[in-house]
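Everything on this sheet refers to the single structure shown next.
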Amino acid sequence: MIRRCCAVVGVIMILLAGLPSILEAQKILIPMDLKQTDHLKAYGIAYWALTKDIVVDWLLNYRGGSFMIDGLDAVANECMIRGVSYEQLSGSEAAQIYAEVGAENTNMDAVRLEKAPRIAVYVPPNFLPWDDAVTLAMEYAEIPYDKVWDQEVLEGKLAQYDWLHLHHEDFTGQYGKFYATFGNAQWYVEQQVLYERKAKELGFKKVSQVKLAVAKKIKEYIAAGGFMFAMCSATDSYDIALAAQNTDICASIYDGDPADPDAQKKLDYSQCLAFQNFTIEMNPLRYEYSDIDIPPSDPAPIRDPSTDYFTLFEFSAKYDPVPTMLTQDHVSIIKGFMGQTTAFKKSLIKPTVTILAEREGTEEVKYIHGNYGRGTFTFYGGHDPEDYQHQVGSPPTDLKLHKNSPGYRIILNNILFPAAKKKQQKT
Amino acid sequence: MYDGMVLRHPARLFYPALILFAVTSLLYPQQRENNDLRFRLAQSYDRSGDFQAAIKIYKDLLTKDPLNTVILNALRQDYVQLKMYDSAMVILQGQLKRNPADVSLHCELASMYYLNSSETKAVEEWDRAIAVSPKQAVTYQAVAGSMTQNRLFDRAIDVYLRARKATSTPKLFTGELAYLYSITSKYEDATREYLSFLGQDPLQTGYVQTQIGSYTSHPEGLAAATRVIEDTAKSSSNNLPVLRVLAWVYMEGKHYDRAYDVSKAIDEKANAAGHELASFAQRALHDKSFTVAATAFRDVMDHYPKFDRLAEVKFGYAQSLEASDEEQDTLRLFGRDHPFTDDQHSHEREASMYAAAVNAYEQVVKEFPATENAARSALRIAILEQEKYFDLAAARQSLEQLVRAYAKFPQVMMEGALRLGDIDVLLGRLDDAGTEYRTLAGKGLRINPIQDRAALRLGELQYFRENFDSALTILGDLGRNANSDVANDAIGLQAFIQESLQGDKPALKVYAHADLLRRQKKFLDALSAYQSIIQSFPKSSLVDEATMSIGDIYTLLGRYPEALTSYQRLMTDYPESITLDQALMKIGEVYQNGLKDSAKAIASYQTLLEKFPLSIYVSEARKSIRELRGDAI
């Protein structure tokens, strides 16, 4: 009897010995629902914590995709200073949340973020941060990044990075098809000369050839396990460049010689990451690459911004953690925004690609994700989530005025996604 | 017989020939029409992009008419469309055999070689084109144009330069070269060419500035352009168009001091009698380069006493002397007062600084008495007397004169009247102030923002005079107009009076008096008045406000430790006060700007963030913390 009591006491002692570490292990919860004061900077806090080797758990679908971080004073301080709402939890409160998130009957899960992703942004040398939504978001969230361009990519430097963002580049070598409107503008002419010179320096006769080489290198980077994120025209122009690798789709105003009249027939869709069966726009004066973009940019679509919304799909957090991570948001219906490539025509998306968001009841797909080799790619249509119809020369968006932008959150989901520890899927 | 035979034989030949001629005559137009139709069909194939079908027809047509240039050119273009450069070259070579001196054919052939990746052969062909007529500028133009079309800009530049040598015309193709240099980022060369162009046509200063301006937005473009223009100006110091471009490029680079020297030189050399300098001075003033602006205005005044716009120049001069880039205190944490001045002697220093400005304004008033510049000068004098010299009597006198003398400039007159009321408040002439404000505010619809400001002042005046009901009526009226700039201030004071009136009227009376003393900058008297509230009405809801005001006055007096004690007392003794976030912000400011203690400033801002995350001061507190810890934000 005494022996049995001793055994029970022993078990209790062992349990109690472990208990303080649970109770004392306070946590900081950064809620990402409507209570968050600055959703965008919250991602910056998670990133900052990772740079300090502080454990971060991403609680998928829990209060808008909240972050659970070790309850250190430094974290609380940084949240306060950056204006990010947080809640201090006792060990038991945190445990309760973990239990709720992990319960089989809830569509939630906890994903451990392991390390701060090394980020590269593919931009030309004369790039300004305000011209690109992703760099705007990173600057605002205080997430550091490096800039790379053709030379760095071709030299294989992408291997140094976990995540690559493509600025709204034109991989077809048609300089954004701005010729009709800006063909005589000094910036356009200088840009074309600069690109041509760089192409020659790198041993290519044409800009379209160097862009294709870069596109292929990026594809190799993805195949080797890289994460690529592209917005606006970088999405469709990337796939078009890959598809057109055996032909010439550039008119003489872009590369000095005529386009191949049979270019359309020579497209090789098997080279594309996301799209297939599209028809390229061969008119060099039309501000559009292909019929992937919907609504087409030329003529400029007339649409009422107050009725333009897209809907994020919901995925199973436990069975499909990747699309779940990419769609974490505090709202599921998000206001639309245009770009040179606004959205993707559903019928032209490869069946292997996951649709993450669409404009309900239409052919317009806003946000897609797919795998290639050991890596992934994500395409997000539109130019700036908080500037409905961004134009060349438009003033930069001040994200201090859009701290809770659901559209910008999507970009930042992508930045943190490579930090997630890969765990075996349940299916 | 013979004759007959002879006669008969031609007749025998004549008739078939006649028939043949008749048939041919009938068939030839038909055939020509048929060929035309086929040519048009081929062209329509071209338009639809079916080049193969078009080529077939062109080839067929050429069998009948092998030298037809129109068909040959059409066929050649189709070959180019299909990148069949060898076939296109065969046509061109054939055409060149027939017309070896055709420069454009040589250029076309060179383009084909280039497109076919034979740059060396292309260059040889372009050389052959030049050799056709090496003394003619037009030859070089055609060749350089062909190279430019193939985006060989550097080669095109070389050809234009060769043209200059070959034709012994050093200024040939300046526009073309300048453009090519600018798009290839050779900004020094581009600038040289544009200046050369200006030398050829001195009336094109504006055009040249626009062209150079296309690359001066890049730092390297600006530096290169400045270097070249400076060098050119040195070697031709009497060249006015170049000097104008030099002054312009200095202003582009914000080097107003250098631009001033150049503008002065232009003015002298052009006998502009001050007009060049005056224009420069206005731009410098507009661009906030006040010292240079003042010097330039002064020059005009000194050297051209009969200048036609002298009133404007003198007013500009006075403005330049007075103006400074004072930072605005957007938080208005300490109301109308600005603490944390550098030292106690700053007022004296300011007074000596502004003496010249006052003098300049007085000159305008004296010399151009009936002008709007004089009215504005009179207003500025009064403002300086009030704000910089603290000579309220003089300021009052100036404003009275202004209101009387410049009624025909209503905006200036109203601004003067409002300020006159303010000075009356400072002097304790509350009745006079009331009259000024009342007259200005009017009774009907207020259309000028100055009228709203006057009405707010009237409400404040009623508050200072302890006429709280009257104050509430005025303030309530103002607060209802959400479009008014003064609505927030009106609502704030209205709410304060309403809350304090409930059971605290005696304390409110003392508080209003203390506020008046503070407005009148009688800080020590105000301090005593606020302290008396704490002593006499210790349970009043105004005690926390009084404690805050005491802290503010200590801050304004530079007595920072006492200010901190006061704010901290507020924190400890009145934990329910709604002003605690403001107190923490002020503690931070006193540590940061008064005592220069960054660590304690950060601690105070952090406490504010912790305890009052929804305060209106949080973003400013965050910004201050990040500045103090040296974050790159």
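The values are calculated or read from the model by the stated rules, or taken from the named source; none is laboratory data. Only a predicted model underlies this, so the values are computations on that prediction, with no experimental measurement involved. Quick reminder, even Gly has a Cβ in these numbers, built from the backbone with ideal geometry, and neighbours come from all protein chains shown. Ligands, DNA and RNA are excluded from the accessible area calculation, which covers all protein heavy atoms including side chains. Shrake-Rupley method; radii C 1.70, N 1.55, O 1.52, S 1.80 Å.
Some observations on this one:
- Filtered residue count, segment A:312-328, keeping only those that are open to solvent by 20 Å² or more (accessible area, probe 1.4 Å) and either more than 17 Å from A:N371 (Cβ to Cβ) or in a loop (DSSP other than H, G, I, E, B) (or both): 6
- Of all residues in segment B:109-144 being within 14 Å of chain A (Cβ to nearest Cβ) and in a helix (DSSP H, G or I), the one that is most open to solvent (accessible area, probe 1.4 Å): B:E119
- Qualifying residue in segment B:520-542 (condition: of a type outside the set (D, E), open to solvent by 30 Å² or more (accessible area, probe 1.4 Å), within 18 Å of B:F334 (Cα to Cα) and touching a residue at least 40 places away in the same chain (Cβ under 8 Å)): yes
- Take the conditions (1) surrounded by 15 or more Cβ atoms within 10 Å (Cβ to Cβ); (2) of a type outside the set (S, T, N, Q); (3) under 19 Å from A:F278 (Cβ atoms); (4) modelled with pLDDT of 95 or more; A:D298 misses just one of them, which is (4).
- Candidates B:E620, B:E627, B:E610 - the one that is open to solvent by 50 Å² or more (accessible area, probe 1.4 Å), within 14 Å of another protein chain (Cβ to nearest Cβ) and in contact (Cβ under 8 Å) with a residue 60 or more places away in the chain: B:E620
- Number of positions in segment A:245-271 that are open to solvent by less than 10 Å² (accessible area, probe 1.4 Å) and in contact with a helix residue (DSSP H, G or I) (Cβ under 8 Å, 6 or more places away or on another chain): 2
A quick yes/no check of all residues on (1) exposed (fewer than 10 other Cβ atoms within 10 Å of the Cβ); (2) within 14 Å of another protein chain (Cβ to nearest Cβ); (3) modelled with pLDDT under 90:
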position	(1), (2), (3)
B:T24	no, no, yes
B:R38	no, no, no
B:D46	no, yes, no
B:A53	no, yes, no
B:I57	no, no, no
B:A74	no, no, no
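- Qualifying residues in segment A:196-206 (those that are of a type in the set (D, E, K, R) and part of a loop (DSSP other than H, G, I, E, B)) - the one farthest from the chain's Cα centre (by Cα): A:K205
- Candidate set from segment B:78-98 (those that are without any contact (Cβ under 8 Å) to a residue 24 or more places away in the chain and in a helix (DSSP H, G or I)); member that is least open to solvent (accessible area, probe 1.4 Å): B:L92
- Helices (runs of 4 or more DSSP H) enclosed by segment B:250-304 - at least 1 residues per element that are among the basic types (K, R) and more than 15 Å from B:Q319 (Cβ to Cβ): B:256-269
- From the list A:T247, A:T235, the lone residue that is of a type in the set (S, T, Y) and within 30 Å of A:I143 (Cβ to Cβ) is A:T235.
- Yes/no for B:T216 being within 14 Å of chain A (Cβ to nearest Cβ), of a type in the set (V, I, T) and either over 25 Å from the mean Cα position of the chain (by Cα) or assigned to a helix (DSSP H, G or I) (or both): no
- Residue match in segment B:153-170 (condition: in contact (Cβ under 8 Å) with a residue 12 or more places away in the chain, open to solvent by less than 30 Å² (accessible area, probe 1.4 Å) and either polar (S, T, N, Q) or part of a loop (DSSP other than H, G, I, E, B) (or both)): no
- Contacts under 7 angstrom Cβ, first residue in segment A:72-84 being facing another protein chain (nearest Cβ under 9 Å) and open to solvent by less than 50 Å² (accessible area, probe 1.4 Å), partner assigned to a loop (DSSP other than H, G, I, E, B) and of a type in the set (S, T, N, Q), 6 or more apart: A:G83/A:T37
- If the condition is being surrounded by fewer than 18 Cβ atoms within 10 Å (Cβ to Cβ), within 28 Å of A:F315 (Cα to Cα) and more than 14 Å from chain B (Cβ to nearest Cβ), then segment A:32-53 contributes A:D33, A:L34.
- If you go through segment A:175-195 and keep only what is within 12 Å of chain B (Cβ to nearest Cβ) and either outside any helix (DSSP H, G or I) or more than 29 Å from the chain's Cα centre (by Cα) (or both), you end up with A:N184, A:A185, A:Q186, A:V189, A:E190, A:V193.
- Taking the conditions (1) open to solvent by less than 20 Å² (accessible area, probe 1.4 Å); (2) under 22 Å from A:H390 (Cα atoms) in turn, A:R286 satisfies each one other than (1).
- Residues in segment B:211-229 that are open to solvent by 50 Å² or more (accessible area, probe 1.4 Å) and within 20 Å of B:I266 (Cα to Cα): B:R227 only.
- Any hit, segment B:593-600, residues being aliphatic (A, V, I, L, M) and farther than 26 Å from B:R519 by Cα: yes
- Residue match in segment A:155-173 (condition: open to solvent by 30 Å² or more (accessible area, probe 1.4 Å), away from chain B (no Cβ under 12 Å) and under 21 Å from B:S185 (Cα atoms)): no
- Summed over segment A:149-195, residues that are among the β-branched types (V, I, T) and at pLDDT 95 or above total 2.
- Answer residue from segment B:145-155, given it is of a type in the set (A, V, I, L, M, F, W, C) and more than 11 Å from B:C107 (Cα to Cα) and is farthest from the other protein chains (Cβ to nearest Cβ) among those: B:L152
- Counted residues, segment A:175-191 - those being touching a Lys or Arg at 6+ places or on another chain (Cβ under 8 Å) and open to solvent by less than 40 Å² (accessible area, probe 1.4 Å): 1
- From the options A:Y388, A:Y408, residue that is open to solvent by less than 70 Å² (accessible area, probe 1.4 Å) and not in a loop (DSSP other than H, G, I, E, B): A:Y408
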